[in-house]
Each structure stands twice: as structure tokens, then as C-alpha cells.
Amino acid sequence: MATTIKRKMPRDVSGLSSGEKSTARTGLGLGDLATQEASAVAITGGSITGITDMAVADGGTGSSTASGARTNLGLSRAVIAVDTIAALKALTVAPALSQVEVLGYYAAGDGGGGLFLYDAGSSSADDGGTVIAPTVGTGRWLRRYDGPINPKWFGVTMDGLTDDTTRMQACLDFVRTSGGGVIQFPSGGGTMILTQSVKIGSFTTILLNGCTVKAKQSGFVGVNTGTDSTTNCQLFKNYNHSALELTDSDISVEGPGVFDYGTVTVSGGGTHCISLRMVDGGSIRKITGVGGNNVTAIRGCRDVITDSCVGIGQSNASFDHWEGFTSVTVRNCIVRGDPSIDISQGIQFNSGGNPGDSDVSSDGIIEGCRIYGVRSALGSATAIALGSLTATSVISNFKTIGNYVEDADIGLNIAGNGYGHVSIGDTFRNVDVLPIFIQSNDGASPEDSKVLSPTLIDCANEAGSVALISITGNGNEVRGVRVINTSSAAYEYIGYFTSGSSGCLIEIDNADDGTTGRFFNQGTQSKIIDTLNQYTDGAWTPALAFGGGSTGVTYASREGKYRMVGKLCFVTGFINLTSKGSSTGSASITLPFTASANNAPGVVGVNNADGMTGLTSSPNLAIAASASVMVPQHFSSSKANALTDANFTNSSFIFYSGVYEIA
């Protein structure tokens with residue numbers, strides 16, 4: 001029902017009698033009022049003093065004159081508008097024109113305009129964005145702004161045609177010389193053309209906001225000479241890229257955003273989308289790299305994380321790390337090889353190789369990544385590579401956790417001089433040559449490294465394949481191996497100890513295969529634990545709940561299978577929804593058995609997730625000690641957050657596999 005509110009309008013009292021006027025005043029609470037025609041009032045003699053302009057409180061001008069009001073409000077002169085920065089430069093500076101609204105950089109409405117104030121005493125250098133020198137006269141036009149820096153203020157067009165290199169570098173230089181800050185591209189995408197590298201200073205965050213950064217062949221150096229000071233074939237790199245010690249710090253590039261090399265090639269390589277060298281602290285998130293050698297090239301850095309990025313069609317390693325880095329992480333990233341291009345590695349961590357760089361790398365993590373199509377004509381392409389390049393370089397204490405590799409020549413390669421590596425719960429499918437390869441390099445071999453609970457599915461089916469697992473070195477172990485083959489296996493052995501192995505171990509939990517001999521041992525004091533007949537298979541029906549409730553949840557299909565070996569339970573399964581129901585809260589999926597109280601917080605990998613919404617990274621499933629459910633989670637700012645009903649739709653699909661310890 002609509003409600004009408006009627007206002008009482010004051011009536012015209014001019015025609016009322018004096019008595020009626022008095023009554024009206026009383027009714028309005030105005031009391032008695034003496035009136036007198038102005039023509040009948042005269043003041044003679046004496047004086048009136050003590051009357052001054054009344055100061056106005058906050059929000060007022062504090063002045064009774066227009067001139068004073070403009071002064072008090074910082075508007076000492078009038079504001080006019082011009083269309084472009086060029087028009088601003090051409091103004092003849094006069095007192096009446098000291099504030100100008102510029103409507104665009106090249107044309108009105110292109111996003112590069114803003115408010116400028118004239119400073120007659122300034123002689124600051126014209127930076128093309130925040131300081132503009134007039135064509136005639138002295139002084140400077142200074143941009144008034146607050147918050148992040150917009151590259152369009154410096155003339156970056158993002159039109160996909162114009163070379164934006166010089167203008168983008170001017171923007172970066174302004175932030176660097178200002179001590180750092182945030183550069184935020186405008187929303188709505190757009191393509192920025194670069195013809196050589198742009199350099200990022202310390203304490204700088206770049207928010208791409210959906211922008212594409214595209215290389216143009218004509219401007220790039222045709223040959224990579226290997227000298228950082230003269231080679232500009234990277235798209236983004238840090239300012240002190242040729243430093244030989246940690247110099248720059250706290251550099252972040254945040255997506256969503258695309259770096260596209262297209263058909264650009266450089267003899268000798270070096271086409272890195274983002275290259276950081278000797279940087280202390282930083283992050284690269286939600287970036288998709290297309291073509292080139294690498295999405296990221298992290299050299300000699302410390303505390304740098306690459307999170308939720310995608311590499312498509314790189315020819316070297318999509319995510320590459322080398323020469324003396326520490327505490328570097330690659331999490332929830334995807335590699336997709338191009339079948340028409342030979343690729344060397346999917347994700348690489350190594351030590352040594354270039355003069356001047358450190359020969360020691362340590363404490364890296366590769367977690368929750370998915371790697372597809374890493375192949376080469378030579379059959380040596382490696383999905384995950386950890387290694388030292390020389391006998392004098394060392395790589396140590398690296399972890400790979402819950403990664404999924406499909407269609408590769410070599411799955412996990414641990415090579416050369418190093419120790420203390422741990423791989424937990426990685427899955428390898430259709431890896432044709434060697435799923436797990438621990439080998440020597442330049443006369444040195446890994447030591448005391450462990451590969452725990454790997455799953456090998458339809459692996460080593462290439463003709464001539466010798467083994468699924470090959471081990472060299474001292475004290476290296478591969479435990480809890482699960483082998484599943486749905487097609488005829490072509491390899492000869494499950495495990496192979498080379499003559500260079502000593503004190504190594506392979507433990508096979510199960511193997512559905514057709515091998516002629518399970519192991520070939522040329523090592524010394526190396527042993528095999530074969531528990532093939534000590535397992536139990538079974539199935540359960542996984543159920544999804546929100547806040548412990550599952551009202552109205554329905555499925556197109558769902559499946560859960562497990563294999564128990566001792567207290568280790570290997571699970572694989574999926575849920576495919578037709579309705580997520582009406583329950584709300586944190587999501588959970590039931591397990592076949594309760595987890596052990598000694599079970600460290602574990603993670604079950606999600607190999608595929610579709611029909612989800614609001615995710616900040618690829619999801620996984622966490623299993624807490626004594627838990628009877630798995631908790632789907634995603635990551636934001638390096639923190640795990642549980643998924644809720646809001647992240648699911650009526651068509652959500654999750655496929656998962658992993659291992660945990662049962663009670």
C-alpha cells in the first residue's frame with residue numbers, strides 16, 4: 001500500500017488582519033513580533049560598534065568576500081578545462097589559469113587526464129605524467145592525485161597498436177624514485193605493446209587488472225648476448241637486473257593479466273615474461289604467459305612466491321628458477337605444453353650455471369601444480385626438475401607436494417650435487433620414459449632424498465623404457481609406490497638401482513602391471529620392500545555437506561575408491577552435482593575411514609574442478625588429524641581458506657586423489 005505524505009505549505013498571510021496575524025504567530029511559536037516599514041525608521045547620532053564578519057564553521061569559507069573565499073578554499077584562481085596534455089603545455093601561464101582540468105592525455109576521455117596546479121617556483125624535471133613543463137615560460141604544472149598510479153597518466157595507450165615501452169618506463173621510474181608504490185591499470189583490459197624490457201624498482205606493486213602485455217618483434221634485441229645490462233628481451237624485469245647480490249626488494253606483479261610473446265623469437269633465448277634477479281621478497285600471482293622461453297625466470301632471489309599462474313607453449317621451463325635462490329615457492333600453477341614445440345622442463349629449480357651467481361640454492365617448494373604435455377623429440381623433457389648443473393654447485397631441501405603430471409617424457413628428476421629433497425603424494429600419468437629419475441650430473445649425485453607415496457598411472461609405455469623408477473646416489477628412498485596400468489606396460493622393471501647407488505631403497509605398495517622382472521639392482525647395500533600382497537581395495541560413497549548439513553544436495557554421479565596398505569589409505573574419487581541444496585557453511589567431503597590422531601595436516605590433490613565460483617586459487621582438500629572428512633580449501637595471500645556453499649554451483653564437479661594415514 002502506497003503512503004502519501006502531505007506537507008503543510010505556509011499560507012500567504014498578507015491579507016490577514018492584525019488579530020489573525022497575531023494568532024498565526026502564536027500558533028507557530030513565534031511570540032510577539034514588532035514590525036516597522038523601513039521608510040519609517042531613521043537612526044540619528046551616535047554609532048554602532050562591535051559588528052564584524054561572522055566566521056563560518058567547518059565546511060564554510062571563513063570569508064565574506066568571493067576573493068577571500070577562493071583563497072581559503074585553495075581556489076585562488078578560476079579552473080578551466082583543456083582536452084589534452086599537449087594543450088596544457090601550450091597554455092600561456094597567467095594568474096587566472098593556475099588550475100586546469102585536463103580531460104585526457106591524447107584525447108578527451110582516454111583516461112590520462114586529471115587536475116593540474118601551476119607552481120611558478122618549480123623547476124622539477126618533466127616526467128610526462130605528474131610534472132608537466134609548459135612550452136613557453138617557467139614553472140611547472142603539477143598533477144593532483146591520491147592513491148594508486150594509473151599508467152595512462154604517463155601516456156600509456158593500451159590500444160594494442162602503439163609502442164607503450166617509453167611511457168610505461170616513465171611510470172615505473174616515477175614510482176621507483178618516489179620510494180615505491182602501487183601502479184594500477186584501469187579496468188576493462190586493453191593491450192600494452194612493449195618493444196623491449198621495462199624495469200621495476202623496489203617496493204613496487206603492479207596490479208594488471210585484466211591487461212595484456214604483448215611483445216612486438218621489431219623492437220626486441222635480435223640476439224641474446226647473455227649480458228643483462230644490454231639484453232632487453234624480457235617483458236618485465238627488476239631495475240637492478242645485473243646485480244650480483246640482493247639489491248632490489250619487495251616487487252609484486254598481480255593479475256589477472258596475460259603476457260604474450262606471440263611469434264617473437266630471440267636467438268639465444270631470454271624471452272621471459274617476468275624476470276627477477278637478486279630480488280629480496282616478492283610475488284607473482286594470477287599471470288598467464290603465452291609463448292616465449294619462460295613465464296617467470298627467478299634468479300638468485302629470496303622469499304619470492306609464484307601463485308596461481310599459467311604457462312602455455314613455453315619452449316624452456318614455464319616456471320624457471322636458478323643460481324643461488326632461497327625460500328622460493330611455486331604454488332597452484334598450471335603448465336600446458338604445445339605439442340608442436342619441444343619443451344625442456346615444466347617447472348625447474350637448479351643451482352649454478354652462470355658466472356657471478358651463487359652456486360648454492362635451497363628451500364624451495366612446488367605445491368599443488370598441474371603439468372601437461374612436457375615432451376621433446378629427444379624424449380628428455382622433464383615435468384619437475386630439481387638439480388645442480390655442476391659438481392661444485394649445491395641444491396638442497398626442496399619439497400614437491402601434491403602435484404599432478406600428465407603426458408611427459410620424465411616426471412620427477414632429482415639430479416646432481418644435492419641433498420634433503422622430499423616429494424610427497426605426487427601423481428604421474430602417461431609418463432613415457434621415466435616417471436621418477438634420481439641421477440648423477442657432472443660427476444655428483446643426490447643424497448638422502450625421499451619420494452613418498454607417489455602414484456604412477458599408465459607410465460613408461462614407450463618402447464624401450466627400462467624402468468618406472470631409476471635411482472643413483474647415496475641414501476635415497478622411494479616409498480609407498482602405487483602403480484596402476486590400464487594398458488599393456490612396455491617397461492622391463494619397476495625399480496632400477498644403478499651401479500652408482502648405495503644404501504638406497506624402493507618400497508612398492510602395489511603394482512597392477514605386466515613386468516617381466518620387478519627390480520634390477522646394480523647398487524650396493526640397496527634394498528627393495530615389496531608389499532604387493534598386503535593391501536585391501538574398497539569403495540565408499542563420498543558425500544558433500546555444508547556446515548555439516550546436506551539438505552537438497554543431489555548428484556549426477558559420484559564415486560570413491562580406496563586402497564589400504566598398512567595404515568596408509570590411498571583415495572581417489574569425484575562428485576558431480578545437479579544441485580548443491582540449501583545448506584550453508586563450510587564445505588566437507590566424507591572419507592572412507594577416520595584419519596589417525598598422528599596424521600599431520602595432509603592435503604589431497606584436486607586434479608580437476610569445474611563449475612566453481614569465487615576461487616582465488618586452484619583448490620585442494622585438507623585432512624586434519626582425527627578427521628572423518630576432507631575440507632575443500634583455496635588460498636588467498638598465502639593463507640588457506642575453507643570453501644563454502646557460495647563457492648559451489650548446481651553443476652560443480654571435483655575429481656581428487658591422494659593419501660592419508662588412518663586411525
Practice task
Could you check how much of the accessible area of the range 243-296 is carbon and sulfur, as a whole percent, using a 1.4 Å probe?
Solution key: 50
Practice task
Determine the share of the range 349-453's accessible area contributed by carbon and sulfur atoms, expressed in whole percent, with a 1.4 angstrom probe.
Solution key: 51
Completion exercise
Among Lys237/Lys399; Lys399/Lys450; Lys237/Lys286, the pairs whose Cα-Cα distance exceeds 21 Å are Lys237/Lys399
Problem - Debye, to nearest 20: dipole size of the range 381-458, +1 on Lys, Arg Cβ, -1 on Asp, Glu Cβ - result: 260
Completion exercise
accessible surface per residue for the range 277-422, probe 1.4 Å, DNA/RNA/ligands not counted, whole Å² -> 27
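Determine the per residue accessible area of the range 567-623 with all protein chains present and a 1.4 angstrom probe, expressed in square angstrom.
37
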Practice task
Sort all Cα-Cα distances of the range 336-447 into consecutive 5 angstrom bins from zero, then give the percent of pairs in each bin up to the one containing the longest distance.
Solution key: 3, 13, 23, 23, 19, 13, 5, 0
Exercise for the section: Would you work out what percent of the accessible area of the range 79-199, with all protein chains in place, is carbon or sulfur (probe 1.4 Å)? Expected result: 54
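The values are calculated or read from the model by the stated rules, or taken from the named source; none is laboratory data. Quick caveat: nothing in here was measured; it's all calculated off a predicted structure. Positions of Cβ are backbone-derived with ideal geometry, glycine not excepted, and every protein chain shown enters the neighbour counts. To get the accessible areas, we keep the full protein, side chains included, count just its heavy atoms, and leave off ligands, DNA and RNA. Shrake-Rupley method; radii C 1.70, N 1.55, O 1.52, S 1.80 Å.
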